[in-house]
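Chemist: Below is a structure I'd like to ask you about.
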Amino acid sequence: MERIIIIILLLLNLFLLGVVLTDRVQARRGENDSAASVTEVLLDCGVSVDEDAELVQTAPAKCTLTRSKEQEETAVQRLLGNTSREDLGGNIIYYRGTQGQAVFRGSGEVEALFSSGTIRTRGNRKKTAERLLKKLGIRTEFIEEGINSADGEAYVRFCCCREDYPVFNAVLHLDYSGDSVYMLTGTRIFETAAETDGAAGMDSVSALLRFVELLRNGEFSCTCLSGIRPGYYLSVLVSGESTLTPVWQLETDGGTLLINAENGRVESGLA
Amino acid sequence: MNEEKLRSLGRRSLIVLLLVTAVLLLCRTEYYAGLRESIEGRRSQRLSAAAPAGTAVSERPAGTVQPMAAVVNTESGGHFGTIYGEEDVAAVFQRFSADLGEALGSAGTPAGIAEEQFVAALSDCSVFLRFYCPQPMELLAAWLGAEANGGLVGCSAELLCLSVAQGKALLYWRDADGNYFCSETAASSERLRSRIAEYNGNGARYAYEEPLLNGGDSCGVLLAGVRTARTVRCTVPQYSDNETDQLLHAVGMNSFISSSYTETDGTRVFVSGDSTLRLSTAGVLLYRNPTFPDDNGTMTLADAATAAWQAAERCAGACCGDGTLIFSGISFSESQNSYTVRFDYAVDGIPVHASSGSAVEIVLRSGRIIQARMRLFQFSAAEETVTLLPDLQAFAIAAAEHASAQLCYSAGGETMNCDWVKTDG
């Protein structure tokens, strides 16, 4: 009896494996067809597509993040040492610690000034900055490093991330003075996920068709699309509560474009 | 024997393993994904149909916080103005809502100022907002996620201006009595300045910039171009049994245990314990619950406004078609320990004026609705538009009588037309 059951289950597993593999092959074929179609449409509009561009992707789900002042205070203490806290009203909190001072706002903005020499670069500015931001509990993605033309000092910029997706307009800027970090400014994302909307928004093919519409209407012009990637756009309508809206970032030789995955609108305010 | 037992154990383990792998493979098939989506879709439909009435006080009534007009005043002296139901009103307000919340929460002690100082702020780097009615500032702050600074409690603002001057963010406002005030805030002046810089002028101007309009409201907003409005049909909505149940839930009545009857004039009456809801054929909803709550609990202004809005949205707001509900006032009665919250309708952002007073009036005590009166309307806006008097002419006529001008739909018949009316400004 057990042998019969094993045989039946084996056949069932083989059947389901066949179904799964067939689904995968069909899905891959469908993706390739979609990619080919959209490439053709773009070529018709005079836009070439980079070979490495991954044209078929899905967008993340929209989510709401809220500020947790307790977690924020813990993170600030990791950064600045023992801190005193002053509520300035309007959800603006001022922290003063042994290693500097900081202002955290309900809009997500942060300004921190570090005492001279407390955060030294140990050879690599980018790694030093990453360690500093890790203390704040923020996952980040490196954007660039460079030299300020005004004072000749170095800076590094990072973009906040939520579940491996970049939040394109939540950018943190670290300024160096000599070999130590002296200032952190920018916008962070909040700590606590309040809810996630199940709907993920339009996929990359739909976003590219929206891009084609913009090209045809003359609202944007370029000759080459080098890449498309999903991410988030941060908006704070109510102090202490932020919404991460899924967006598509299109990198072209005419500039970078953010297309809202919910309504197809071009988002502004890209940092 | 041991070998037999081991073989049997091995077979059973294999059966379990094959079952597990079969389930895992099933979960990866398209059939399962479709089934899951269908179940989740049905679940969310059931949840939305059974939404509890007025319990989620933490929800912020974004729609009622909408200003009537929003103007971004750039550093170069240009004005990006938008008024009534244009999408840009909501977009501008949302762009600066977090800054406004910060400003309201961190404002210092208000200082009385002259009208000229308020007008001067409109000429510089600032954002101007005009609301449909004077907004209690603690309510506005609560809706924007902040707690109004003590100095602002009890203050109300019909006009607000958030300005950047000398490296500071300043909050200016005019109250219902026409007095002007200013407070320093801890809002970020740099962020405010950079956001204001995103806008360019669109030809909007203030009344004080037009010599013809001397004597009227100096802060009236005039837009360039032709002024049009849609013709609107106004009817009494007809309620199905399901929709009637939702009305009952909205005011806290249980449709399952309510009894109902119809009076000779067609008025439907629902009774549950001491609560009574009357729905007339003319679209008048009257609810009374004379039972005084025993807990003598306290309710904040924001909680009362939010609970009232949720009930109003589920009743009047659910059936108003092309209309929307706008907050039109709140008052507190110390003797009754109750709040009275009022709402009106708007179509395309243009308020609907009814001669019989506010469209919706809800009285709350200790967290419960004890009385509600609602005029239920369904609005259908036609595609064709009517051309109205240009802004400058309308304001000039009003200024001659030391008044301001505002667009308004007048409710009274089945077809509503939009026209300019004189207001106190």
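Chemist: Mind sorting B:Asp391, B:Asp424 by how few other Cβ atoms lie within 10 Å of their own Cβ, fewest first? The partial results should precede the final answer.
Modeler: Working: B:Asp391 24, B:Asp424 9.
So the ranking, lowest neighbour count to highest, is B:Asp424, B:Asp391.
Chemist: Let me ask something else. Provide the FRET efficiency to the nearest 0.05 for the B:Asp424-A:Val212 pair, computing r from the beta carbons and using R0 = 60 Å.
Modeler: Details: r = 52 Å, r/R0 = 0.87.
Here the calculated transfer efficiency is 0.70.
Chemist: Take peptide B:191-201, look around each residue's Cβ out to 10 angstrom, count Cβ atoms belonging to other protein chains, and average those counts. Each step should come with its number before you reach the end.
Modeler: Values: counts 4, 0, 0, 1, 1, 0, 0, 2, 0, 0, 0.
Counting Cβ atoms of other protein chains within 10 Å of each residue's Cβ and averaging gives 1.
Chemist: Could you tell me the ratio Rg/Rh of segment A:130-185? Both radii from Cα atoms, Rh via Kirkwood.
Modeler: On the way: Rg = 11.6 Å, Rh = 11.7 Å.
Answer for segment A:130-185: 0.99.
Chemist: Mean-square fluctuation check for chain A, GNM, Cα pairs under 10 Å: which of A:Ala194, A:Ala75, A:Ala27 is largest?
Modeler: Greatest mean-square fluctuation among the candidates belongs to A:Ala27.
Chemist: Compute the acute angle (0 to 90°) between the alpha-carbon long axis of helix B:301-315 and the principal axis of greatest extent of the alpha-carbon atoms of chain B; round to the nearest 10°.
Modeler: Between helix and principal axis, roughly 70 degrees.
Chemist: Something else: For a quick check: sort B:Thr231, A:Thr98 by the number of other beta carbons within 10 angstrom, fewest at the front. Let's see the in-between values first.
Modeler: Details: B:Thr231 16, A:Thr98 11.
Fewest to most other Cβ atoms nearby, the residues stand as A:Thr98, B:Thr231.
Chemist: Between segment B:406-421 and segment B:315-378, what is the separation of their alpha carbon centroids in Å?
Modeler: 19 Å
Chemist: Using alpha carbons only, what's the Rg to Rh ratio of segment B:245-319 with Rh from Kirkwood? Please report the intermediate quantities before stating the final value.
Modeler: On the way: Rg = 13.6 Å, Rh = 13.6 Å.
A ratio of 1.00.
Chemist: Work out Dmax and Rg for chain B from the C-alpha atoms and quote the Rg first, both in angstrom.
Modeler: Rg and Dmax of chain B, Cα atoms, are 27.4, 111 Å.
Chemist: Could you give the angle, 0 to 90 degrees to the nearest 10, between helix B:30-49's Cα long axis and the longest principal axis of the Cα atoms of chain B?
Modeler: Its long axis makes an angle of about 50 degrees.
Chemist: Mind checking B:182-189 for the average number of partner chain beta-carbons within 10 Å of each residue's beta-carbon?
Modeler: On the way: counts 0, 0, 0, 4, 7, 6, 6, 0.
That average works out to 3.
Chemist: How are the alpha carbon pair distances in chain A distributed across 5 Å bins from zero to the largest one, expressed in percent?
Modeler: Distribution as computed: 1, 5, 10, 13, 13, 12, 11, 9, 8, 6, 4, 3, 2, 1, 0, 0, 0 percent.
Chemist: Please work out the ratio of the alpha-carbon Rg of the protein assembly as shown to 2.2 N^0.38 Å and round it to two decimals.
Modeler: Numbers: Rg = 30.1 Å, N = 696, 2.2 N^0.38 = 26.5 Å.
Cα-based Rg divided by the globular estimate yields 1.14.
Chemist: For segment A:22-153, report the translational diffusion coefficient in µm²/s to the nearest whole number, using Stokes-Einstein at 20 °C, 1.002 mPa s, and a Kirkwood Rh over Cα pairs. Each step should come with its number before you reach the end.
Modeler: Values: Rh = 19.4 Å.
This corresponds to a translational diffusion coefficient of 110 µm²/s.
Chemist: Still on this structure, I have one more. What average number of partner chain Cβ atoms lie no more than 10 Å from the Cβ of the residues making up A:13-25?
Modeler: Details: counts 8, 1, 2, 9, 4, 1, 6, 7, 2, 2, 5, 2, 0.
That average works out to 4.
Chemist: With angles folded into 0 to 90 degrees, how steeply does helix B:87-106 sit against the dominant principal axis of chain B? Use alpha carbons for both and round to 10.
Modeler: Computed tilt is about 90 degrees.
Chemist: Would you kindly work out the equivalent ellipsoid of segment B:73-139 from its C-alpha gyration tensor and give its semi-axes, the square roots of five times the eigenvalues, largest first in whole Å? If you can, show how the numbers build up before the last one.
Modeler: Working: eigenvalues 79, 63, 31 Å².
The three semi-axes for segment B:73-139 are 20, 18, 12 Å.
Chemist: State, to one decimal in nm, how far the label point of A:Leu12 lies from the label point of B:Asn202, with both points 7 Å from Cα in the Cβ direction.
Modeler: My value for the distance between the label points is 6.3 nm.
Chemist: I would also like to ask the following. How big, in percent, is the set of alpha carbon pairs in segment A:69-146 lying more than 21 Å apart? Let's see the in-between values first.
Modeler: Numbers: 848 of 3003 pairs.
The calculated P(r) of segment A:69-146 puts 28 percent of pairs beyond 21 Å.
Chemist: Of the candidates B:Pro110, B:Pro290, B:Pro237, which one comes out as most mobile in a Gaussian network treatment of chain B with C-alpha springs shorter than 10 Å?
Modeler: Maximum among the listed residues: B:Pro290.
Chemist: May I ask you to sort B:Ser240, B:Ser333 by Cβ crowding, counting other Cβ atoms within 10 Å and putting the fewest first?
Modeler: Numbers: B:Ser240 8, B:Ser333 11.
Fewest-to-most ranking of B:Ser240, B:Ser333: B:Ser240, B:Ser333.
Chemist: Can you tell me the alpha carbon radius of gyration of segment B:325-417 divided by the globular rule-of-thumb value 2.2 N^0.38 Å?
Modeler: Values: Rg = 17.0 Å, N = 93, 2.2 N^0.38 = 12.3 Å.
Cα-based Rg divided by the globular estimate yields 1.38.
Chemist: Something else: Report the far tail of the P(r) of segment A:74-226, meaning the percent of Cα-Cα pairs longer than 26 Å. Intermediate results must be reported in sequence, preceding the final value.
Modeler: Numbers: 4645 of 11628 pairs.
Roughly 40 percent, rounded to a whole number.
Chemist: Take chain B, connect every pair of alpha-carbon atoms lying under 10 Å apart with a spring to form a Gaussian network, then pick out the residue of B:Ile83, B:Ile113, B:Ile326 with the largest mean-square fluctuation.
Modeler: B:Ile113
Chemist: In whole Hz, with x marking every Gly and Pro, tabulate ³J(HN,Hα) for segment B:204-219 from phi via Karplus 6.51 cos²θ - 1.76 cosθ + 1.60, θ = phi - 60°.
Modeler: Listing the rounded values in order: 5, 8, 9, 4, 5, 8, 10, x, 5, 9, 4, x, x, 6, 5, 9 Hz.
Chemist: Over its Cα atoms, what ratio of radius of gyration to 2.2 N^0.38 Å does segment B:210-278 give? Intermediate results must be reported in sequence, preceding the final value.
Modeler: Working: Rg = 23.3 Å, N = 69, 2.2 N^0.38 = 11.0 Å.
Output field value: 2.12.
Chemist: Something else about it: Please identify every one of the GluC sites (Glu not before Pro) in segment A:188-251 that sits in a loop by DSSP and has no more than 14 other beta carbons within 10 Å of its own beta carbon.
Modeler: Working: sites: A:Glu191, A:Glu195, A:Glu213, A:Glu219, A:Glu241, A:Glu251; in loops: A:Glu191, A:Glu219.
Hits after loop and neighbour filter: A:Glu219.
Chemist: Another question, then. Placing one identical point scatterer on every Cα of segment B:242-369 and ignoring solvent, what is log10 I(q)/I(0) from the Debye formula at q = 0.17 Å⁻¹?
Modeler: Ignoring solvent entirely, the Cα scatterers give -0.96.
We did not get these values from a lab; they are worked out from the coordinates using the rules stated. Values in this document were obtained by computation on a predicted structure and should not be read as measured data. Virtual Cβ from ideal backbone geometry, glycine too; neighbours counted across all protein chains shown.
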